[in-house]
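What follows is one structure encoded as structure tokens, with my remarks underneath.
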Amino acid sequence: NGSRPWWESAVIYQIYPRSFQDSNDDGVGDLKGISQRLPYLVDLGVDAIWISPIFRSPMKDFGYDIADYVDIDPIFGTMADFERLIAQAHARGIKVILDFVPNHSSDQHAWFVESRASRNSPKRDWYIWRDPAPDGGPPNNWMSDFGGSAWQFDPATGQYYYHAFLNSQPDLNWRNPEVVAAMQDVLRFWMQKDVDGFRVDVIWHLIKDEQCRDNPLNPNHRDGRPPHEALIPLYTTDLPEVHDVVAMLRRTVDEFPDRLLIGEIYLPVERLVAYYGRDLGGVHLPFNFALLNARWDAKHIQALITEYEEALPKGGWPNWVLGNHDRPRIASRVGRRQAATAAMLLLTLRGTPTIYYGDELGMPQVDIPRDRVRDPFERNVPGIGVGRDGARTPMQWDASEHAGFSRVDPWLPLADGWRSNNVATLREDARSILNLYRRLLHLRKQTPALSVGSYRPYVVDEDLLAYYREFNDSRLLVVLNLTDRPQALKLEEDAHARILVSTEAKRDGDLIPGTVTLTGDEGLVIDLPS
Ligand code: TEU
């Protein structure tokens with residue numbers, strides 16, 4: 001697919017760096033550890049890694065609170081370690097995508113230290129400062145995603161500053177051209193080091209209402225209700241002007257060849273697709289989170305796929321995710337048996353898939369003991385669903401002490417079952433979910449119909465999810481049984497079709513007469529005669 005950009009046929013793999021591989025026995029993953037595991041990623045068959053933040057940070061939000069955008073935090077290693085990692089990844093044909101967090105910095109960033117020093121500081125307007133309300137309280141009713149008011153009073157200068165997340169994550173003022181210019185230079189700094197792209201954190205938050213008007217949708221802001229009960233914030237996300245900023249970020253990335261821009265955007269699909277931008281001048285891939293909260297039901301998922309495919313702008317390239325470091329793991333959302341069928345869904349839908357590390361092992365969501373909780377989100381807003389730590393437990397490499405992740409007690413506990421559920425053990429089991437990921441990833445590499453082919457639903461009935469993937473004269477039919485009961489499927493053609501991949505490997509290569517039956521929770525990729 002020479003004419004296509006690399007990221008259309010690529011499979012991206014999200015690495016949470018603290019939890020992937022510890023190489024210096026401090027219980028926390030690091031860059032050298034990722035380098036050590038590149039052979040695993042090549043064997044698995046992924047094309048790119050997206051690494052969550054590795055920059056200098058007080059780690060109040062584990063790296064999403066950045067104190068220096070152009071330096072590596074010592075807990076992950078040195079800039080030399082990073083330069084070695086990117087050279088070794090490129091030598092193995094793996095692209096490297098970094099996490100860009102432009103919406104807010106750490107309160108320990110030199111920019112904020114200077115901004116808060118005085119009302120007349122040259123950097124005062126790099127952040128969002130407002131006078132107290134007449135009653136001395138916060139300027140308005142905006143809420144933080146981590147609970148409570150989004151305004152922090154600063155006694156030294158008698159004003160409040162806005163923070164969409166922790167009060168140690170002050171929001172930058174993206175209406176200020178100096179902020180824009182400084183952040184463009186951050187992108188150039190990393191692209192000059194051959195970084196292949198960026199996943200932009202909370203890109204839909206970048207522009208806030210300048211009048212700081214109260215959010216009428218949530219008049220009881222001071223009752224401290226969790227943000228998730230609050231309605232979509234009216235004045236702090238998805239403002240029309242944000243698309244000008246997105247287009248500017250894209251122009252900056254386009255100064256370098258073949259670089260990818262991914263946007264983290266939690267919005268309904270009709271607002272999500274606006275981030276492809278006018279004339280596709282926005283982000284290449286606005287993350288599609290539709291499957292994060294999906295019910296495991298064929299009709300529902302078919303509706304999500306149809307809604308998304310129909311909403312895409314002409315030429316907009318789709319993408320899908322099953323999980324990330326902020327959401328409960330897929331294996332616990334749909335159940336371990338269905339996790340294999342979910343993997344086949346992710347890796348056979350049209351568009352670029354992003355695998356969350358550990359999901360290829362079917363790692364479960366872990367219920368972290370209260371005394372081991374690390375995530376501020378869990379602590380600040382207890383009882384909101386499940387905390388995020390449970391989806392960030394150490395990667396399980398083998399059955400040795402600490403699962404081969406570290407030689408000391410890791411920063412978070414290992415998931416239950418790690419002694420049998422790890423790379424070394426599953427790699428030896430032809431029917432394991434790890435080998436299903438591997439077989440599908442390698443099938444994608446040799447089957448354009450799967451990686452860049454077209455999508456067309458094969459409407460059968462409501463318990464089977466079935467769709468065509470076609471490219472030139474290659475025609476595949478993907479059939480997923482989302483129920484735990486056997487289901488039969490009559491193929492349109494009577495001619496012989498062949499099973500390329502089944503979720504349990506036991507039927508790979510079988511010829512199908514004309515009707516195929518699927519056991520409960522089974523998935524098949526079928527090669528149809530052209
Ligand atoms: O998350 C953005 C986001 O939507 C969060 O508000 C999410 O809803 C929250 O984590 C609760 O699930 C990004 C990062 O992915 C997240 O890890 C950071 O904590 C957050 O931004 C602030 O940078």
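The values are calculated or read from the model by the stated rules, or taken from the named source; none is laboratory data. Note that the structure is a prediction, hence the values are computed from the model and not measured. Here the Cβ is made from the backbone with ideal geometry for all residues, glycine too, and neighbour counts use every protein chain on show.
Counting only residues that are surrounded by fewer than 16 Cβ atoms within 10 Å (Cβ to Cβ), within 16 Å of the ligand (Cβ to nearest atom) and among the small types (Gly, Ala, Ser), the stretch 253-312 holds 0 of them.
Residues that are closer than 30 Å to Trp7 by Cβ, among the hydrophobic types (A, V, I, L, M, F, W, C) and more than 15 Å from the ligand (Cβ to nearest atom) within the stretch 94-120 comprise Ile94, Val96, listed in sequence order. When the stretch 514-530 is filtered for residues that are in a strand (DSSP E or B) and either over 34 Å from the mean Cα position of the chain (by Cα) or of a type in the set (A, V, I, L, M) (or both), the ones remaining, listed by number, are Thr515, Val516, Thr517, Leu518, Leu524, Val525, Ile526, Leu528.
When the criteria are applied in full, Tyr13 meets the requirement of being crowded, with 24+ Cβ neighbours inside 10 Å and under 26 Å from Ser451 (Cβ atoms).
Evaluated against (1) of a type in the set (Gly, Ala, Ser); (2) more than 20 Å from the chain's Cα centre (by Cα); (3) closer than 24 Å to Asp201 by Cα, Ala303 falls short on exactly one condition, (3).
Go through the residues of the stretch 76-97 one by one and say whether even a single one is touching a Phe, Trp or Tyr at 6+ places or on another chain (Cβ under 9 Å) and over 18 Å from Gly197 (Cα atoms). Yes; the residues of the stretch 76-97 include at least one that is touching a Phe, Trp or Tyr at 6+ places or on another chain (Cβ under 9 Å) and over 18 Å from Gly197 (Cα atoms). No other residue among Asp258, Asp238 is on the phi > 0 side of the Ramachandran plot and modelled with pLDDT of 95 or more apart from Asp258. So which pairs qualify, if the first residue must be in the stretch 169-193 and within 18 Å of Ala247 (Cα to Cα), the second must be polar (S, T, N, Q) and not in a loop (DSSP other than H, G, I, E, B), the Cβ gap must be under 8 Å, and the two must be at least 6 apart or on different chains? From residues that are within 18 Å of Ala247 (Cα to Cα), the pairs are Gln184/Thr252; Leu187/Thr252; Arg188/Thr252. Ile34 meets each of the listed conditions (1) among the hydrophobic types (A, V, I, L, M, F, W, C); (2) touching a residue at least 60 places away in the same chain (Cβ under 8 Å); (3) over 30 Å from Ile207 (Cβ atoms) apart from (2). The condition of being under 23 Å from Leu361 (Cβ atoms) and β-branched (Val, Ile, Thr) holds for Thr519. Within the stretch 1-21, the only residue that satisfies the criterion of being touching a Pro at 6+ places or on another chain (Cβ under 7 Å), of a type outside the set (A, V, I, L, M, F, W, C) and modelled with pLDDT of 95 or more is Ser19. Looking at the structure I just gave you, is Asp81 more than 16 Å from the ligand (Cβ to nearest atom), within 20 Å of the chain's Cα centre (by Cα) and free of Cβ contacts under 8 Å to residues at least 60 places away in the same chain? In short, no.
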